[in-house]
Structures are given as structure tokens and as C-alpha cells.
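The values are calculated or read from the model by the stated rules, or taken from the named source; none is laboratory data. These figures come from a predicted structure and were not determined experimentally. Backbone-built Cβ (ideal geometry, glycine too); neighbour counts: all protein chains shown.
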Number of protein chains: 2
Amino acid sequence: MASTTAGRRSGRLRRGSLTPEAIVAESLRLLDTEGADGFSLPKLGRALGADPTAVYRHFSSKDDLMLAIADRLIEEAMTGLAAQPCWIDTVADCARRLRTTYRAHPAAAALSASRTTRRPAEMRIVNVLIGAVLEAGFSGAEAARMYRALGDFMLAWAGGEAAFLALDPKQQEADEAAWTRAYLAVDRAEYPHTWQIRDDLAGVTDDDIFETILALVMAGFRVRAPRPCGCQKHAGQVPPGTTP
Amino acid sequence: MASTTAGRRSGRLRRGSLTPEAIVAESLRLLDTEGADGFSLPKLGRALGADPTAVYRHFSSKDDLMLAIADRLIEEAMTGLAAQPCWIDTVADCARRLRTTYRAHPAAAALSASRTTRRPAEMRIVNVLIGAVLEAGFSGAEAARMYRALGDFMLAWAGGEAAFLALDPKQQEADEAAWTRAYLAVDRAEYPHTWQIRDDLAGVTDDDIFETILALVMAGFRVRAPRPCGCQKHAGQVPPGTTP
DNA sequence: GACCCATAGTCAACGCCTCTGACAAAGCCT
DNA sequence: AGGCTTTGTCAGAGGCGTTGACTATGGGTC
């Protein structure tokens with residue numbers, strides 16, 4: 001951070017002041033603090049201490065800027081990524097990294113989750129994931145399907161969580177309240193199953209939910225994998241090799 | 001449909017013309033045909049043959065209207081929903097229904113995916129899903145976690161797909177092209193695993209991907225279920241009962 | 001050092017958006 | 001018929017994305 005965090009116009013800005021990197025960084029800062037609604041190109045220009053339209057000299061449109069932000073997020077999520085000794089850990093690691101970054105920048109993530117920019121950061125994670133799928137013993141079209149399923153799953157989940165976290169706090173509050181109050185007072189006759197676990201619904205955390213679905217996906221992945229992973233860590237959780 | 005599909009202003013509109021139902025229906029029609037960018041309250045008012053600001057008499061804000069649209073989508077997805085004989089089929093059925101509806105109304109779905117309105121339609125599906133989880137032998141806090149994981153998974157996936165389908169056709173085109181061209185010409189030394197299955201990546205369809213991830217989730221669900229499902233349909237796919 | 005010129009930053013403006021407040025017609029209730 | 005609430009209409013405030021004309025700036029050239 002630092003550099004051009006300053007604000008308040010005084011004179012004209014010096015020539016090299018607005019670099020694409022600085023603009024993306026300030027965009028992220030604005031999105032994190034103000035949310036998606038508070039993010040406009042005029043505001044961004046003013047936050048940079050420049051003219052409301054200055055950003056258009058570096059990005060041809062708001063969408064163009066969003067793509068740069070999307071790539072920046074993927075880079076942030078995947079710095080230091082490498083294949084783990086066990087392919088199960090590799091896949092789980094990718095999913096957790098993406099989720100952590102998206103949760104840290106919800107507004108930016110919500111706006112850019114479904115925008116895939118074929119840039120180096122993305123290519124790297126794709127390669128790592130495909131590597132894990134191949135190690136699991138899949139090949140050819142089946143490996144391609146499996147990779148797409150896993151990759152899209154991570155993106156969809158992290159994007160969904162980010163979209164929720166990007167809502168106004170009051171709307172999030174209302175949603176949480178539904179679990180703690182509305183469902184607690186649910187009608188027994190009409191919704192008997194919900195009634196049965198009404199006390200347990202409120203205590204579920206985001207992390208619980210994520211780790212549960214991730215465990216399901218990974219368990220399914222292992223069950224279907226032609227080649228078992230040799231880890232002692234994962235040994236015995238599921239009986240090896242039944243379905244091809 | 002029908003009723004006020006007419007357009008072209010002439011005189012003043014009669015009094016009961018603009019019902020909430022008609023407004024939601026026309027919103028959906030507009031979103032389906034024009035996309036999210038072409039959906040504004042002025043346009044909606046004109047499409048209804050009324051004043052550009054007329055909708056504000058029935059919905060206090062655009063967001064308020066979006067909530068109504070979200071609920072309408074859930075209703076559409078879940079009409080006729082009922083528990084299947086086998087709880088595996090129940091869960092899979094929910095997921096497929098939601099996905100089908102969201103794909104049919106991508107723009108509307110993308111805007112409203114993360115907005116959960118605690119209305120009857122939603123309560124019904126929640127109850128059905130929890131019923132399936134209980135049937136699988138889960139109980140208490142574990143059942144709550146499992147339900148949230150499955151439910152949020154469906155919503156995240158369907159929402160993610162809708163968000164992609166809601167993009168401009170040219171952006172979707174660009175994304176598809178990445179799989180068919182960019183990844184086909186990937187550098188062997190830098191991304192060896194991707195290179196290995198480069199020919200297979202383009203042939204993967206949306207349905208392939210969805211059915212693959214759904215199969216993974218369901219396989220994981222079955223493996224972890226305390227009580228096996230008695231179906232002959234699902235028999236033998238996974239050896240029953242190893243991990244509690 | 002004087003000149004040139006591409007370009008980064010500025011400014012004014014267009015059209016569209018969300019949303020508000022004042023107003024008028026329409027239907028209900030007595 | 002008179003009054004009251006509701007519903008549709010209208011004018012407008014303030015913001016956004018984007019464009020085209022302008023103007024200062026700083027690097028390259030002689």
C-alpha cells in the first residue's frame with residue numbers, strides 16, 4: 001500500500017502518477033472498504049487524487065478494469081502454490097486458497113468470479129489441478145471432465161460465498177437471523193424434518209459448511225479415482241478401489 | 001404471460017393494471033430477452049405500458065423487486081417437488097431442478113442467487129432436503145451441517161452457471177474459445193499436465209461438468225452416510241458402511 | 001538549451017440510471 | 001355527492017459510464 005493513498009486535489013497530477021498497478025491496488029482498497037456500490041470510476045479517480053475520468057487513460061472501460069482486478073485476485077490466491085506430495089492435498093489446498101482470497105475481497109470477487117482471464121496465474125493453477133487429476137489415475141476425456149468439475153466447483157463456491165459477503169451488512173444480518181430465529185420457530189406439522197433439527201441449524205458456521213462440502217467432494221473424488229493415494233494420512237477413510 | 005404484455009402508451013392506465021405478479025412476470029420476461037444490462041425500472045415501466053416510475057408504487061426499490069424475482073425463481077424451480085423413494089435421488093433431483101430453472105433465466109438468477117428469502121417455496125425445499133439428510137442417518141448438528149453443505153452447493157453451482165450465461169454472448173464466446181484454442185496451443189514445457197490433455201479440454205460440456213461434480217458430491221454423501229440407501233439402483237457402486 | 005509532439009491528466013457534456021416529492025385521476029365507503 | 005386513500009403521472013435531483021475537445025508535461029531531437 002502507501003504510495004498514492006493520498007487524496008485531496010491541489011494542483012494537477014504529475015505525469016507518471018497513475019500506473020495500472022496503482023489503479024488496480026486502489027480499486028481493491030475501495031472495493032474492500034466501500035463495497036461494490038461505492039465503487040465507481042469517478043470515485044476511483046478522486047480517491048487517487050486525480051480527475052474523475054482519469055482512469056479511462058489506462059483502462060478502456062470499467063469492465064476492462066474488472067478483468068485486471070480478477071487476474072490480480074487469482075494471482076494473490078495462487079502465489080506460492082505448488083503440488084503437494086498427495087494429490088488430495090493439492091486439490092484441497094487450491095480450493096482453500098481461492099476461498100480465503102475471495103473472502104478477503106468479497107466485493108471484488110463477487111464482481112469478477114465468473115470472468116476467467118487466461119493469464120499466467122490462471123494457467124498455473126489449471127496445470128497444478130490437472131496434474132493432481134492425472135496423478136489420481138484419470139486420463140483423457142475423463143481427466144478433462146474431472147478437472148473442469150473440480151475447478152468450476154472451487155470457483156462457484158468461493159464466488160457464492162463472496163457474493164453473500166458483498167451484500168450490505170444489514171442484509172447479511174437478516175439472513176443470519178433467519179437461521180437463528182425464523183427456522184427456530186418453524187411449524188412442526190408443516191415442516192417436520194426442519195423442526196427436528198431446528199436447534200442445530202443456527203450453530204453452523206461458514207467454515208463448517210465449506211469443510212463439509214469439500215470433504216464430500218474429495219471423498220467422491222477418491223472413491224472414483226482409478227489409483228489410490230498412498231498417504232497414511234488418508235488411509236482407511238474409504239476402502240480402496242471398487243468402482244472403476 | 002399474456003394480460004399486460006401490450007406496450008405503447010396511449011392514455012392513462014386503469015387503476016388495478018399494475019399488480020406485483022404482473023410486474024414480476026414482465027421483469028422476468030425483460031431479463032430473459034434483454035439481459036441484466038437492459039433491465040431498468042424505467043424500461044420495465046414502459047414495457048408495462050405505464051410511466052417509467054410507476055413500479056415504485058409497488059416495490060420500494062429495485063432491490064425489493066429483485067427479492068420478489070428471486071422467490072419467484074425458487075417457486076418455479078420447486079413446483080411439484082417431493083421426496084423420492086431413495087434419498088439420493090431426492091438430493092440430486094433438487095440440484096437438477098434448481099440448475100434447470102437458473103439456466104432458463106440466467107440474468108434473473110445471477111442477480112438474485114445469493115438473496116435468500118425465507119418464503120414458503122424456500123421453506124419447502126429446505127424441509128425436503130433435511131428429510132433426505134435425516135433418512136441418510138445423520139442427526140443433530142451433523143445433519144444441519146450436511147444440509148447446509150448440500151443446499152449451499154446447489155445454490156452456488158446454479159448461481160455460478162447462471163452468472164456465466166448472463167454475460168454478453170461475445171464474452172462467453174471468448175471464454176469458450178480459450179478452451180478450444182488457447183489451451184490447445186499451451187506450452188508443453190511450462191504446463192506439461194495441461195499439455196497432456198489439451199485435446200480433451202474443449203469437448204467438455206456444461207452438462208458433463210455438472211453431472212460429474214454432482215456425482216462426486218453424491219458419492220461422498222453416500223460414503224459418509226451412517227445408513228446406506230437400499231436401492232438396487234445404487235447398489236454396488238460403493239461398498240457400504242466403512243467410515244462413521 | 002530550444003523546439004516538438006505524443007500522451008497523461010483535465011474539463012464539459014450526453015444520456016441513462018435510481019429514487020423523491022408534488023400532483024391528479026380513480027375507485028371505495030358512507 | 002363528498003371525502004379519503006391509493007395508484008399512476010410528471011418534473012427533477014444527483015450519480016454513473018463514457019466521449020471528445022483542451023492543455024500541460026516531460027522525453028527525444030537538433
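Of the residues B:67, B:31, B:98, only one is away from DNA strand D (no atom under 15 Å from the Cβ), within 14 Å of chain A (Cβ to nearest Cβ) and touching a residue at least 60 places away in the same chain (Cβ under 8 Å); which? Steps first, please.
Working: B:67 fails: touching a residue at least 60 places away in the same chain (Cβ under 8 Å); B:31 fails: within 14 Å of chain A (Cβ to nearest Cβ).
Result of the check over B:67, B:31, B:98: B:98.
Tally the residues that are free of Cβ contacts under 8 Å to residues at least 12 places away in the same chain, under 26 Å from the mean Cα position of the chain (by Cα) and within 27 Å of residue B:224 (Cβ to Cβ), restricting the search to the range A:176-214.
Of the residues in the range A:176-214, 9 are free of Cβ contacts under 8 Å to residues at least 12 places away in the same chain, under 26 Å from the mean Cα position of the chain (by Cα) and within 27 Å of residue B:224 (Cβ to Cβ).
Could you tell me whether the range B:172-189 includes any residue that is within 7 Å of chain A (Cβ to nearest Cβ), within 30 Å of residue A:201 (Cβ to Cβ) and part of a helix (DSSP H, G or I)? Let's see the steps before the verdict.
Initial filter on the range B:172-189 (within 7 Å of chain A (Cβ to nearest Cβ)): B:175, B:178, B:182.
So of that shortlist, the ones also within 30 Å of residue A:201 (Cβ to Cβ) come out as none.
Within the range B:172-189 (the criterion being within 7 Å of chain A (Cβ to nearest Cβ), within 30 Å of residue A:201 (Cβ to Cβ) and part of a helix (DSSP H, G or I)), the answer is no, since none of the residues qualifies.
Which pairs do you get when a residue that is modelled with pLDDT under 85, found in the range A:4-24, comes within reach of a residue that is more than 15 Å from DNA strand D (Cβ to nearest atom), reach meaning Cβ atoms under 9 angstrom, with the pair 6+ apart or on two chains?
Matching pairs, first to second residue: A:4/A:22; A:4/A:25; A:5/A:29.
Anything in the range A:74-112 that is outside any helix (DSSP H, G or I) and within 26 Å of residue B:158 (Cβ to Cβ)? List them, or say none. Outline the logic, then answer.
Our first condition is that a residue be outside any helix (DSSP H, G or I); within the range A:74-112, this holds for A:79-86, A:105.
Across the range A:74-112, the qualifying residue is only A:105.
Let me confirm something: among B:124, B:115, which residue is surrounded by fewer than 23 Cβ atoms within 10 Å (Cβ to Cβ), within 11 Å of chain A (Cβ to nearest Cβ), in a loop (DSSP other than H, G, I, E, B) and of a type outside the set (A, V, I, L, M)?
Details: B:124 fails: in a loop (DSSP other than H, G, I, E, B).
Step by step, each of B:124, B:115 is checked, and only B:115 is surrounded by fewer than 23 Cβ atoms within 10 Å (Cβ to Cβ), within 11 Å of chain A (Cβ to nearest Cβ), in a loop (DSSP other than H, G, I, E, B) and of a type outside the set (A, V, I, L, M).
Determine whether the range B:159-180 contains at least one residue that is within 23 Å of residue A:158 (Cβ to Cβ) and hydroxyl-bearing (Ser, Thr, Tyr).
no
Of the numbered conditions (1) under 25 Å from residue A:30 (Cβ atoms); (2) modelled with pLDDT under 95; (3) of a type in the set (A, V, I, L, M, F, W, C), residue A:123 satisfies every one except a single condition; which is it?
The number of the failed condition is (1).
Given the conditions (1) facing chain B (nearest Cβ under 7 Å); (2) surrounded by 17 or more Cβ atoms within 10 Å (Cβ to Cβ); (3) over 23 Å from residue A:65 (Cα atoms), and given that residue A:210 satisfies all but one, which numbered condition is not satisfied?
Here residue A:210 clears every test but (1).
Give the residue, chosen from A:184, A:167, A:214, that is of a type in the set (A, V, I, L, M) and in contact with a Ser or Thr (Cβ under 8 Å, 6 or more places away or on another chain).
Details: A:184 fails: in contact with a Ser or Thr (Cβ under 8 Å, 6 or more places away or on another chain); A:214 fails: in contact with a Ser or Thr (Cβ under 8 Å, 6 or more places away or on another chain).
Checking each option against the conditions leaves just A:167.
Just need a number here: residues in the range B:37-58 that are in a loop (DSSP other than H, G, I, E, B) and more than 11 Å from DNA strand D (Cβ to nearest atom). Write out each step before concluding.
Initially, the range B:37-58 is screened for residues in a loop (DSSP other than H, G, I, E, B), giving B:37-40, B:48-53, B:58.
Filter again for more than 11 Å from DNA strand D (Cβ to nearest atom), leaving B:38-39.
Of the residues in the range B:37-58, 2 are in a loop (DSSP other than H, G, I, E, B) and more than 11 Å from DNA strand D (Cβ to nearest atom).
For the range B:185-244, give me each residue that is over 26 Å from residue A:213 (Cα atoms), hydrophobic (A, V, I, L, M, F, W, C) and at pLDDT 95 or above.
Hits for the range B:185-244 are B:189, B:195, B:197.
Mind listing whichever residues of the range A:188-202 are exposed (fewer than 15 other Cβ atoms within 10 Å of the Cβ) and not acidic (Asp, Glu)?
Taking the range A:188-202 and keeping what is exposed (fewer than 15 other Cβ atoms within 10 Å of the Cβ), we get A:188-190, A:192, A:199.
Within the range A:188-202, A:188, A:189, A:192 qualify.
Being touching a residue at least 60 places away in the same chain (Cβ under 8 Å) and assigned to a helix (DSSP H, G or I) narrows it down to one of B:150, B:155, so name that one. Spell out the reasoning first.
On the way: B:155 fails: touching a residue at least 60 places away in the same chain (Cβ under 8 Å).
Residue meeting the stated conditions: B:150.
Please find, among A:53, A:90, the residue that is within 14 Å of chain B (Cβ to nearest Cβ) and either within 16 Å of DNA strand C (Cβ to nearest atom) or modelled with pLDDT of 95 or more (or both). I'd like the intermediate steps shown before the answer.
Details: A:53 fails: within 14 Å of chain B (Cβ to nearest Cβ).
Result of the check over A:53, A:90: A:90.
I'd like the residue in the range A:127-139 that is in contact with a Lys or Arg (Cβ under 9 Å, 6 or more places away or on another chain) and surrounded by fewer than 21 Cβ atoms within 10 Å (Cβ to Cβ) and, out of all such residues, is nearest to the other protein chains (Cβ to nearest Cβ).
The qualifying residue nearest to the other protein chains (Cβ to nearest Cβ) is A:135.
Output the residue which, of all residues in the range A:140-166 that are among the acidic types (Asp, Glu) and more than 15 Å from residue B:194 (Cα to Cα), is surrounded by the fewest Cβ atoms within 10 Å (Cβ to Cβ).
Applying the first criterion (among the acidic types (Asp, Glu)) to the range A:140-166 yields A:142, A:152, A:161.
Filter once more, keeping what is more than 15 Å from residue B:194 (Cα to Cα): A:152, A:161.
Working: A:152: 21, A:161: 23.
Only one residue fits best here, namely A:152.
Determine if the range A:229-243 includes at least one residue that is surrounded by fewer than 16 Cβ atoms within 10 Å (Cβ to Cβ), under 29 Å from residue A:71 (Cα atoms) and either more than 7 Å from chain B (Cβ to nearest Cβ) or of a type outside the set (Ser, Thr, Tyr) (or both).
Checked against the condition, which is being surrounded by fewer than 16 Cβ atoms within 10 Å (Cβ to Cβ), under 29 Å from residue A:71 (Cα atoms) and either more than 7 Å from chain B (Cβ to nearest Cβ) or of a type outside the set (Ser, Thr, Tyr) (or both), the range A:229-243 yields no hits at all.
For every residue, the table says whether it meets (1) farther than 30 Å from residue B:233 by Cα; (2) buried (at least 16 other Cβ atoms within 10 Å of the Cβ).
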residue: B:11; (1), (2): yes, no
residue: B:20; (1), (2): yes, no
residue: B:26; (1), (2): yes, yes
residue: B:35; (1), (2): yes, yes
residue: B:54; (1), (2): yes, yes
residue: B:94; (1), (2): no, yes
residue: B:97; (1), (2): no, yes
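Which number in (1) assigned to a helix (DSSP H, G or I); (2) within 7 Å of another protein chain (Cβ to nearest Cβ) marks the one condition that residue B:203 misses?
Evaluating residue B:203 over (1) assigned to a helix (DSSP H, G or I); (2) within 7 Å of another protein chain (Cβ to nearest Cβ) leaves (1) as the failure.
So which pairs qualify, if the first residue must be in the range A:38-51 and at positive phi and touching a residue at least 40 places away in the same chain (Cβ under 8 Å), the second must be assigned to a loop (DSSP other than H, G, I, E, B) and more than 9 Å from DNA strand D (Cβ to nearest atom), the Cβ gap must be under 9 Å, and the two must be at least 6 apart or on different chains?
Cβ pairs passing all conditions: A:49/A:6; A:49/A:7; A:49/A:8; A:49/A:9; A:49/A:10.
Scan the range A:10-28 residue by residue and report those that are within 27 Å of residue A:167 (Cα to Cα) and within 12 Å of DNA strand D (Cβ to nearest atom).
Taking the range A:10-28 as the starting set, the residues that turn out to be within 27 Å of residue A:167 (Cα to Cα) are A:21-28.
Passing the criteria: only A:27.
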